Amino acid sequence: CGTVRETTTNEAIVLKINPVDETSWTTDATMAADQFQITSLASFQGQLYASISGGAGVKGVVRQRTLAGVWGNVDSSVANGGTFGSGALAVFDGKLYANYRFYNTGASQSSIRKTSDGTTWSESLTSGSNGGSLHVFGLRLFAVDYNSKIRYTLDGTTWTGTVGWPSASGGVYGGVIGTFVR
């Protein structure tokens with residue numbers, strides 16, 4: 001379970017429990033200074049990954065937990081003030097994807113990054129409008145776009161933008177995407 005800090009002097013934590021033989025949650029990791037929100041958790045190749053939003057002057061990061069219980073940074077936003085949105089991690093086509101947004105001297109940029117081994121990351125898409133939730137459905141990876149669109153890819157390389165939604169719908173910042181199956 002990932003948390004959001006409760007005050008400006010404490011940081012986000014990851015809690016764990018084994019419901020088979022434990023009755024209470026314990027702290028598994030405490031984030032560094034001004035890493036204030038765990039926005040997503042994902043299992044990939046036997047490791048646990050957490051995306052974390054950074055405050056002013058702090059990069060957003062992706063951290064990995066090994067089987068031995070050791071946490072370490074494996075990727076970060078390229079600029080301070082990086083924000084991984086809710087649901088920023090997704091496993092698609094044998095790769096782990098992370099979607100973030102950052103603010104650099106008033107200009108907003110974003111990136112969807114991917115890794116096939118959990119440590120070496122590359123750009124899947126760089127633009128001024130991504131940074132939201134990722135979601136896999138069928139043979140597509142979807143990404144919430146901060147310009148009122150939803151993008152998708154079939155191969156992790158070529159991205160297509162779909163029709164946007166009205167701005168009166170409540171805004172797009174922090175939006176999430178999901179699937180309803182009947």
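What to note about this one:
- Stokes-Einstein translational diffusion, region 12-51 - Kirkwood Rh over all Cα pairs, 1.306 mPa s, 10 °C, in µm²/s: 138 µm²/s
- Dipole of region 1-67, positive direction: furthest Cα of Thr27, Val61, Gly46, with charges on the beta-carbon: Val61
- Solvent-accessible surface (1.4 angstrom probe) belonging to Val61, in square angstrom, nearest 10: 10 Å²
- Global geometry of region 1-101, whether rounded, prolate or oblate, following the gyration tensor of its Cα atoms and the 1.5 cut on a/c: oblate
The values are calculated or read from the model by the stated rules, or taken from the named source; none is laboratory data. Model, not experiment: these values are computed from the prediction. In this analysis, Cβ positions are derived from the backbone assuming ideal geometry, glycine residues included, and neighbour counts consider all displayed protein chains. Accessible surface areas use protein heavy atoms only, side chains included; no ligands, DNA or RNA. Shrake-Rupley method; radii C 1.70, N 1.55, O 1.52, S 1.80 Å.
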